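J.: First, the structure itself, so that you have it in front of you.
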Amino acid sequence: MIEVKISGRGGQGAVLASQILATALFKKGLSVQAFPSFGAERRGAPVSAFMRSDSEEITLRCGIQHPDWIILFDPQLLENPLIMGGATENTSILLNASKDLSFFDISGFKKTFRVDATAIAEGLNLKTTSFSIVNTAMIGAFARASNLIDIDAIAAATRDLAPIKKQENVAAAETAYGRIKEVLR
Amino acid sequence: METMQIKDEMFYPGSFSCPGCGLTMAYRHVTKVLGKNTVVVTTAGCGSVVAGYYPTTTSKLPFFHCSFGTTAATASGLKAGLDMMGKTNTHVLAWAGDGGTFDIGLQSLSGAAERNDDIIYVCYDNEAYMNTGVQRSSATPLGTLTTTTPPPALENRDKKDIIGIMAAHKIPYMATACVSYPMDLQEKIRKAKKTKGFKFIHVLIPCPTGWFFPAKDAVTVGRLAVLSRAFPLFEVIDGKEYRMNVFEEKIPVAQYLTAQGRFRQMSTDLYPRIQTDIDSRWSELMALSNKREESTS
Amino acid sequence: MKKLITGNEAAALAAKLARPQVIAAYPITPQTSIGEKLAEYTADGSLKARYIKVESETSAFAACIGGSLSGARVFTATSSQGLALMHELLHWASGARLPIVLVNVNRSMASPWSLGVDHNDTLSQRDTGCLQIYCETAQEVLDTILIAYKLAESVILPIFICMDGFLLSHYSEAVNIPDQDEVDLFLPPRDAQYFMDTNAPATFGGGVSSEALYQFRQRIQADMDNVLTEHDRICDQFYQRFGRRYTAVETIKPENQELVIITNSTMAGTVKAYIKEKGQQKGVGLIKIRFFRPFPKEALKEALKGFKKAIVIDRNLSPGSGGIFSQEIKASLYGSEDQIPIVSVIGGLGGVDVTVDHLDRLVCEVLKQKKAQPGTIWMEA
């Protein structure tokens, strides 16, 4: 079983990202669960969405305590214990970050990847008045980082689920898939 | 005005009402006009007692006793169901007392009125919780003696302005009526029957048991309420167009008050204030009706 | 067709497939998206129903009572405080013998308030005369709603379909969605025997003598006694048409039956995961109780056969007593020959996570005990 935590700010589309990922895996015949963090919705507050997948039926019904993957839409969240509390040495992380990561402590993870999803999203005009919509780029990058799923499946699920700008969102996922880098220590 | 006699009674004789009960008279006139293609929802109150005990009933119409305070919502659901079952011409009568309307039923009444659900809501108002033995409600007028407003703590607030509240909902048709003017009541029900949307009819029903007057005087006391203008009769269309029933005769309110035992504990010092309030309310209503005069006799 | 949908979407889809004619609902987290979906379906015409957007849950259920009295099929959904607000009407509806279907998304009762799941909301309605079924998966929610209409209309009593807030209502998962044609064959329109009929006027719900009330209550109990047999019959029909089988009690028996965990709802799913991962080797089994009212005493006794010990995990609390399922189970077994030690455990109140590790620590602790620990054990939170 693979357990993924996707964290961003309220309004950035973490929930949709978990659903795109789950849909892509579901279409490949895997058993999946996608669910949001529970509580009242607040724009801008740190939020998480979760995804489980397995080749066998998943009956587990509880939160994800120690994710295999944490995807962060905002690298500032690395410093948020509520978001990062469950990370272990078996956790790999994917960050939305431009080159400079020196501000952040990224030691102690299994693997670390980064992609400048903000630049990709902005290049495709995927933004609202307050945020760049980086969710589809991040999921595209995750496909490459995790090797869980091929980018075509992600693109198809994105086309299904993106409420607007379907072409741009697919392009974001594909571009990020190509631009992701592992951060080596 | 149509003064047609309707022979078909929708109400069996031998009800559980007190002698001289205004409610039974009102119910008879209302259901006679509505006719056979009508279903009735009522809530706790004198109306539910009058309806009879299992296995007997006084109602010739399908009749449901709903929980206290949910008359309007139950009627809304019933109307929706009947519509969906293709019975779009069936009238739904919601029949509730002042407690079930002014107090515990106000929220669901407001909801149904705001949605403009197609029901006829009739509030039979005897100005207190009579069924439980005369406790004050928010329809109880100033100076009234009830078991929960014993002397010297007589009711110290005016009757709630339910008509003002309902007019604010801008429902297509509403009216006040008194059982002492049965043809006027029938005519108003007839109008309600013809109108689509939410209809609210507020009927004053004199109560010998709770107002303390002889059973034979029920009709007379109702007339005194109307002629003294303590209970003016009028209609409001779409929440804004007021139409008054104007009677040539006008009597001082003292005549109405002294006809009933429930006001006997009140100091006569209050009479002038009550008269002034009634007169100013009447002026307000006349102004709202733009002096439209519809004489009734 | 298999689709990835949430538990709430499954509930709304099931309601749509059942073709209710009157819907009345009021928003409350975590139920709200059921009401929103049904509003979409009625707005786009894919569901031909009157949706009454009421001003409170009291009115929602009152409108359902009115709708049901017309002979129409009705639906409502709520949660937590909303269900509590309906309380009086629940008694009213069962007494009036109205087959209203209500989906409750379980959420703890305030105060203080939390959006997380526990079952105090529905269990507080224990004695209202409404049937109660608890579901584990979105598939089960969808299927159970269809079964519930048939069952409620057969025994003429209201029914709750209970689903855990967030853990089920907001999980997206794979659900097999039946075709409308198939559902129509399984669940024809309601054929009400008694309703507000101007051609056959009758009075409902009025004053009765004490003796008559006594008789009406006996009738409810007699019909309740018939529910589980009727449920099995309907579930057979459901299985034949849709290939999925449901029972009042679901059991997993390992070869070596050391210990059984008895629980309900999504907690049963986590127990299944635990059994697969660790519990099987330790001889741990599961009894998942789907029905709470009527309580499936006989099926429970049958399922317990062979186990040496039992743990009841209650996601609820009756303050001053303990877990409500635990009480029911112990009462059901009173006087039966092969009684086994039963350990009562409270866990997951307010949506607190219960994980495989939590379960393993609990099982290890209980297996060590020679006798069943008296009182109530609180799981770590």
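The values are calculated or read from the model by the stated rules, or taken from the named source; none is laboratory data. Worth saying up front: this structure is predicted, and the values here are computed from it rather than measured. Cβ placement follows ideal geometry from the backbone for every residue including glycine, while neighbour counts extend to all protein chains displayed. Note: accessible area is taken over every heavy atom of the protein model, side chains too, but ligands, DNA and RNA are not part of it. Shrake-Rupley method; radii C 1.70, N 1.55, O 1.52, S 1.80 Å.
J.: Normalised by the residues of the stretch C:187-293, what does the relative contact order come to in percent, with Cα pairs under 8 Å and at least six apart?
T.: Worked out over the stretch C:187-293, it gives 24 percent.
J.: What residues of the stretch C:195-234 lose no less than 50 Å² of accessible area with every protein chain in place versus their chain by itself (probe 1.4 Å, heavy atoms only)?
T.: The answer is C:MET196, C:THR198, C:THR203, C:GLY207.
J.: Quickly work out the C:LEU213-to-C:ALA110 label distance, labels modelled 7 Å from Cα along the C-beta direction, and quote it in nm with one decimal.
T.: If labels sit at C:ALA110 and C:LEU213, their model points lie 3.3 nm apart.
J.: Could you work out the relative contact order of chain C, using alpha carbon pairs under 8 angstrom and six or more residues apart, expressed as a whole percent?
T.: 16 percent
J.: FRET efficiency for C:ASP338 and A:LYS27, Cβ-Cβ distance as r, R0 = 56 Å, nearest 0.05?
T.: The value I calculate is 0.70.
J.: Okay, moving on. With r defined as the distance between the Cβ atoms of B:ASP238 and A:GLU57 and R0 fixed at 51 Å, what FRET efficiency is calculated, to the nearest 0.05?
T.: 0.25
J.: Please compute the per residue accessible area over the stretch B:210-250 with all protein chains in place, 1.4 Å probe, rounded to a whole number of Å².
T.: In whole numbers, the stretch B:210-250 has 42 Å² accessible per residue.
J.: Further question on the same structure: Using the Cα atoms of chain B to build a convex hull, what is its mean projected area in square nanometres?
T.: 14.3 nm²
J.: Suppose we take every Cα in the stretch A:43-185 and form the convex hull; what volume per residue is that in Å³?
T.: Dividing the Cα hull volume of the stretch A:43-185 by its residues yields 132 Å³.
J.: Note every residue of the stretch C:55-77 with a reduction of at least 50 square angstrom in accessible area, all protein chains present versus the isolated chain, computed with a 1.4 Å probe, or write none.
T.: SASA drop of 50 Å² or more in the stretch C:55-77: C:GLU55, C:SER70.
J.: Within chain C, what is the longest stretch that has no chymotrypsin sites (Phe, Trp or Tyr not before Pro) placed in a DSSP loop and near at most 15 other beta-carbon atoms within 10 Å?
T.: C:195-333
J.: Suppose accessible area is computed on protein heavy atoms with a 1.4 Å probe; arrange C:ASP197, A:ASP105, C:ASP314 from highest to lowest.
T.: Result, largest first: A:ASP105, C:ASP197, C:ASP314.
J.: Would you look at the GNM of chain C, springs on alpha carbons closer than 10 Å, and say which of C:MET196, C:MET163, C:MET224 moves the most?
T.: Between C:MET196, C:MET163, C:MET224, it is C:MET196 that shows the largest mean-square fluctuation.
J.: Hey, rough spin-label estimate for B:LYS36 and B:THR147, points 7 angstrom out along Cα→Cβ, what's it come to in nanometres?
T.: Between B:LYS36 and B:THR147, the simple spin-label model gives 4.2 nm.
J.: To continue, here is another question. Ranked by accessible surface with a 1.4 Å probe, highest first, in what order do C:GLU277, C:GLU337 come?
T.: Largest accessible area first, the list is C:GLU337, C:GLU277.
J.: Further question on the same structure: Using only protein heavy atoms and a 1.4 Å probe, report how much of A:ILE149 is accessible, in Å² to the nearest 10.
T.: Spelled out: A:ILE149, probe radius 1.4 Å, area about 10 Å².
J.: Helix C:324-333 versus the longest principal axis of chain C: what angle, 0 to 90°, nearest 10, using Cα atoms?
T.: It works out to around 80 degrees.
J.: How large is the accessible surface per residue of the stretch B:111-201, computed with a 1.4 Å probe and reported in Å² as a whole number?
T.: Per-residue accessible area for the stretch B:111-201 comes out at 34 Å².
J.: Rounded to the nearest 100 Å², what is the buried accessible area between C and B, both sides summed, probe 1.4 Å?
T.: 2800 Å²
J.: Now for a separate question. Classify the stretch C:287-381 as rounded, prolate or oblate, taking a ≥ b ≥ c as the square roots of the eigenvalues of its Cα gyration tensor: rounded when a/c is under 1.5, otherwise prolate if a/b is larger than b/c and oblate if not.
T.: Because a/c hits 1.5 or more and a/b fails to exceed b/c, the stretch C:287-381 counts as oblate.
J.: If you don't mind, there's one more thing I want to ask. Suppose every Lys and Arg Cβ carries +1 and every Asp and Glu Cβ carries -1, with no other charges. What dipole size does chain A come out with about its Cα centre, to the nearest 20 debye?
T.: Once rounded to the nearest 20, the dipole reads 280 debye.
J.: Let's test this: bin the Cα-Cα distances of the stretch C:317-369 at 10 Å from zero up to the farthest pair and state each bin's percent.
T.: Answer for the stretch C:317-369: a P(r) of 19, 42, 35, 4 percent.
J.: Please state, rounded to one decimal and in Å, the Kirkwood hydrodynamic radius that the stretch C:25-151 gives when every pair of distinct Cα atoms enters the mean of 1/r.
T.: About 15.0 Å, per the Kirkwood formula over Cα pairs.
J.: Going 7 Å from the Cα of C:GLN240 in the Cα-to-Cβ direction, what parts of the stretch C:182-225 have a backbone nitrogen less than 17 Å from that spot?
T.: C:182-188
J.: Continuing with the same structure: With just the Cα atoms defining each centre, how far is the stretch C:172-247 from the stretch C:85-147? Give it in Å.
T.: 16 Å
J.: Now a separate question. For chain A, what does the accessible surface come to per residue with a 1.4 Å probe? Please give it in Å².
T.: It amounts to 45 Å² per residue over chain A.
J.: Also, quick follow-up: With angles folded into 0 to 90 degrees, how steeply does helix C:57-69 sit against the dominant principal axis of chain C? Use alpha carbons for both and round to 10.
T.: So the inclination is approximately 60 degrees.
J.: Tabulate in residue order the Karplus-calculated ³J(HN,Hα) for the stretch A:54-59, using 6.51 cos²θ - 1.76 cosθ + 1.60 with θ = phi - 60°, rounded to whole Hz; enter x for Gly and Pro.
T.: Whole-Hz 3J(HN,Hα) from phi for the stretch A:54-59: 7, 6, 9, 4, 9, 10.
J.: Continuing with the same structure: Would you please classify the overall shape of chain C from the alpha carbon gyration tensor, given that a ≥ b ≥ c denote the square roots of the eigenvalues, rounded means a/c under 1.5, and beyond that prolate means a/b larger than b/c while oblate covers the rest?
T.: prolate
J.: For every helix of n ≥ 4 consecutive DSSP H residues, a contribution of -39,500 (n - 2.57) applies; sum these over chain B, divide by its total residues, and give [θ] at 222 nm rounded to the nearest 500 deg cm²/dmol.
T.: When only DSSP H runs of four or more count, the value is -9500 deg cm²/dmol.
J.: Go ahead and set up a Gaussian network model of chain A, Cα springs under 10 Å, then flag whichever of A:THR175, A:THR128, A:THR136 fluctuates most.
T.: A:THR128
J.: Scale the Cα Rg of the protein assembly as shown by the rule-of-thumb value 2.2 N^0.38 Å and send over the ratio, two decimals.
T.: 1.12
J.: What is the Cα centroid distance between the stretch A:51-81 and the stretch C:1-52, reported in whole angstrom?
T.: Taking the Cα centre of the stretch C:1-52 as reference, the centre of the stretch A:51-81 is 30 Å away.
J.: Check each residue of the stretch A:1-32 and keep those whose accessible area, probe 1.4 Å, is at least 50 Å² smaller with all protein chains in place than in the chain alone; give them in order of residue number.
T.: Those residues are A:PHE26.
J.: Next question, about the same structure. Given a 1.4 angstrom probe, I'd like the percentage of the accessible area of the protein assembly as shown that is carbon and sulfur, rounded to a whole number.
T.: So the carbon and sulfur contribution to the accessible surface is 51 percent.
J.: Hey, what do the phi angles of the stretch C:346-356 turn into as Karplus ³J(HN,Hα) couplings, whole Hz, using 6.51/-1.76/1.60 and θ = phi - 60°, x for Gly and Pro?
T.: Rounded to whole hertz, the list is 9, x, x, 4, x, x, 4, 5, 10, 10, 4.
J.: Do the sum for chain A: with -39,500 (n - 2.57) for every DSSP H run of n ≥ 4, divided by all residues, what is the mean residue ellipticity at 222 nm, to the nearest 500 deg cm²/dmol?
T.: Taken over chain A, the calculation gives -10000 deg cm²/dmol.
J.: How many Å² of accessible surface get buried when A and C come together, counting both sides, probe radius 1.4 Å, rounded to the nearest 100?
T.: What A and C bury together is about 1800 Å².
J.: In nanometres, what is the gap between the two model label sites at B:LYS216 and C:LYS371, each 7 Å from Cα along Cα-to-Cβ?
T.: 8.3 nm
J.: Below 8 Å, C-alpha to C-alpha, sequence gap of six or more: please give me the relative contact order for the stretch B:104-249 in percent.
T.: 26 percent
J.: Now a separate question. At a Förster radius of 60 Å, what calculated FRET efficiency corresponds to the Cβ-Cβ distance of B:ILE165 and A:PHE104, to the nearest 0.05?
T.: 0.45
J.: Just the number, please: percent antiparallel of the DSSP beta bridges in the protein assembly as shown, rounded to the nearest 5.
T.: In the protein assembly as shown, DSSP labels about 35 percent of beta bridges as antiparallel.
J.: To continue, here is another question. Using a 1.4 angstrom probe and counting only protein chains, how large is the accessible area of C:ILE156 in Å², to 10?
T.: That residue has around 50 Å² of solvent-accessible surface.
J.: Using heavy-atom solvent-accessible surface (probe 1.4 Å) with all chains present, what is the largest-first order of B:GLU235, B:GLU9, C:GLU380, A:GLU79?
T.: Largest to smallest exposure gives the sequence A:GLU79, C:GLU380, B:GLU9, B:GLU235.
J.: While we're on this one: Among C:ARG219, C:ARG107, C:ARG315, whose mean-square fluctuation peaks in a Gaussian network model of chain C (Cα, cutoff 10 Å)?
T.: Result: C:ARG219 has the largest fluctuation of those listed.
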